[in-house]
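Colleague: Quick one: the structure is below, and I'll ask about it shortly.
The values are calculated or read from the model by the stated rules, or taken from the named source; none is laboratory data. From a predicted model like this one, the values you see are computed outputs, not experimental measurements. Quick reminder, even Gly has a Cβ in these numbers, built from the backbone with ideal geometry, and neighbours come from all protein chains shown.
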Amino acid sequence: MSRYATPVRAGLLIVLAVILSSATQLFAQKVTEKTKGGQLTLKLASDIPNVSTCAGVNQVVHLTADAISPESHPIQYRWTTPVGRIVGEGPSVAWDLSGVAPGQYKASVEALSSGSDGSCTAFSSTSVIVQPCNVAACPRVEVSCPTNVIPGQPLVFTSRIVTAGFPNIKPIYNWTVSAGTIIEGQGTNTIRVDTSNLAGQQVQASLNMGGYPVDCPATCSVQIPVPPQVCRKFDEFPDIARNDEKARLDNFAVALQNDPTNVGYVIIHPDRAAKTNAAQNRNSRITDYLVNTRGMDASRIVSKTGAATDGLRVELWICPKGATAP
């Protein structure tokens with residue numbers, strides 16, 4: 001063996017080790033980039049679980065894919081099915097099963113999201129049964145939501161059978177709600193839902209129409225608005241002793257400090273018989289005490305002069321952000 005063989009072999013091993021190390025680092029980097037920010041999630045739902053081969057019956061199923069990209073990248077959808085045809089594109093399509101023989105069939109969707117942090121792919125599928133004409137099919141059911149929603153007031157959800165199932169079957173109404181409580185109408189086509197303390201939340205009413213071979217679902221969701229912010233009168237007092245006034249202002253300052261977003265309004269109603277600048281002097285005195293003694297931010301104290309009355313009167317108001325000033 002040549003006296004140079006051992007050094008050459010050692011050199012080759014070193015080069016190979018460097019290449020493997022670099023490849024390992026590159027692979028780890030790509031894996032990190034691909035998984036950074038979490039996974040792409042995908043859910044697929046159909047509006048009805050089955051259709052019938054009976055003539056004149058709706059044989060179109062609406063499919064909705066709900067995909068969420070952790071980095072908010074654009075999402076592409078690819079739909080496939082062995083029977084029927086997909087109409088449309090994007091996250092919501094129609095699956096036309098006209099002329100398809102009875103059986104259970106699957107529709108699938110692939111969601112693809114690409115960005116600077118790599119590409120993510122997710123798959124999901126759902127099945128629909130095509131029933132022979134002599135088997136009862138789900139009716140096409142719609143649930144309507146209330147349109148004039150008032151916080152704290154009951155919501156009324158109503159269902160309507162658009163296309164009847166086969167044969168004639170007496171439907172069984174089974175309702176559930178995502179929030180609130182059904183207070184009236186369970187077992188009928190219309191329910192009333194108590195929405196106490198649900199301001200700002202969404203309420204979904206789900207109907208499973210029983211009496212058929214499978215439950216026939218329909219849903220409707222409504223957002224309960226947040227009541228408008230309003231000012232509240234915190235205190236009101238006449239022309240009282242200075243120490244008594246300070247005590248009332250102390251309570252006012254504590255209430256404002258409990259919520260730094262609130263603004264305090266001091267409204268002085270001057271005495272009709274008092275001097276012209278009496279209200280302004282009282283406003284200055286109160287503001288000075290709140291800012292310099294109680295440490296309130298001057299921008300959170302608003303002074304105003306109200307209508308003259310028989311005897312001086314002071315009003316203290318607390319207003320949340322966005323509320324109309326008193």
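Colleague: Out of the residues in the stretch 301-323 that are charged (D, E, K, R) and buried (at least 17 other Cβ atoms within 10 Å of the Cβ), which is nearest to N262 (Cα to Cα)?
Modeller: Checked the stretch 301-323; the qualifying residue nearest to N262 (Cα to Cα) is E315.
Colleague: Considering only the stretch 35-57, how many residues are assigned to a loop (DSSP other than H, G, I, E, B) and either at pLDDT below 75 or under 24 Å from C120 (Cα atoms) (or both)?
Modeller: 9
Per-residue answers, yes or no, for (1) of a type in the set (K, R); (2) over 21 Å from P217 (Cβ atoms); (3) crowded, with 19+ Cβ neighbours inside 10 Å:
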site: P82; (1), (2), (3): no, yes, no
site: P91; (1), (2), (3): no, no, no
site: D96; (1), (2), (3): no, no, no
site: K106; (1), (2), (3): yes, no, no
site: C120; (1), (2), (3): no, yes, yes
site: S124; (1), (2), (3): no, no, no
site: C138; (1), (2), (3): no, no, yes
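Colleague: Another question, then. Give me the pairs, please: first residue somewhere in the stretch 57-73 and in contact (Cβ under 8 Å) with a residue 24 or more places away in the chain and surrounded by fewer than 21 Cβ atoms within 10 Å (Cβ to Cβ), second residue anywhere and outside any loop (DSSP other than H, G, I, E, B) and of a type in the set (D, E), beta-carbon distance under 9 Å, and either six or more positions apart or on two chains.
Modeller: Close Cβ pairs (under 9 Å, with a partner that is outside any loop (DSSP other than H, G, I, E, B) and of a type in the set (D, E)) amount to Q59/D96; V60/D96.
Colleague: On the given criteria, is V143 modelled with pLDDT of 90 or more, in a strand (DSSP E or B) and within 28 Å of the chain's Cα centre (by Cα)?
Modeller: Numbers: modelled with pLDDT of 90 or more: yes; in a strand (DSSP E or B): yes; within 28 Å of the chain's Cα centre (by Cα): yes.
In short, yes.
Colleague: Scan the stretch 147-155 and give yes if some residue there is more than 30 Å from Q104 (Cβ to Cβ), in contact with a Lys or Arg (Cβ under 9 Å, 6 or more places away or on another chain), outside any loop (DSSP other than H, G, I, E, B) and of a type outside the set (S, T, N, Q), otherwise no.
Modeller: The answer is yes; a qualifying residue exists.
The rows are residues; the columns are (1) closer than 30 Å to P270 by Cα; (2) surrounded by 12 or more Cβ atoms within 10 Å (Cβ to Cβ).
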position	(1), (2)
A205	no, yes
P227	no, no
I240	yes, yes
E245	yes, yes
L249	yes, yes
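Colleague: Further, regarding this structure: Has the stretch 158-165 got at least one residue that is buried (at least 16 other Cβ atoms within 10 Å of the Cβ) and closer than 30 Å to Q229 by Cα?
Modeller: no
Colleague: Still on this structure: All but one of (1) at pLDDT 90 or above; (2) closer than 19 Å to E245 by Cα; (3) hydrophobic (A, V, I, L, M, F, W, C) hold for A279; state the number of the condition that does not hold.
Modeller: All conditions are met except number (1).
Colleague: Here are the criteria: (1) crowded, with 16+ Cβ neighbours inside 10 Å; (2) assigned by TED's automatic domain parsing to the domain that holds P238. Tell me which single one P326 does not satisfy.
Modeller: (2)
Colleague: Right, something else. Let me confirm something: among T261, T219, which residue is touching a residue at least 60 places away in the same chain (Cβ under 8 Å), loosely packed, with under 14 Cβ neighbours inside 10 Å and within 32 Å of the chain's Cα centre (by Cα)?
Modeller: T261
Colleague: Next question, about the same structure. Whether any residue in the stretch 291-303 is touching a strand residue (DSSP E or B) at 6+ places or on another chain (Cβ under 7 Å) and more than 17 Å from P326 (Cβ to Cβ) is what I want to check.
Modeller: For the stretch 291-303, residues touching a strand residue (DSSP E or B) at 6+ places or on another chain (Cβ under 7 Å) and more than 17 Å from P326 (Cβ to Cβ): present.
Colleague: What are the pairs, 6+ residues apart or on separate chains, where a residue within the stretch 231-244 that is over 20 Å from T309 (Cα atoms) has its Cβ under 6 Å from a residue that is hydrophobic (A, V, I, L, M, F, W, C)?
Modeller: C231/W317; C231/C319; C231/A323; R232/I318
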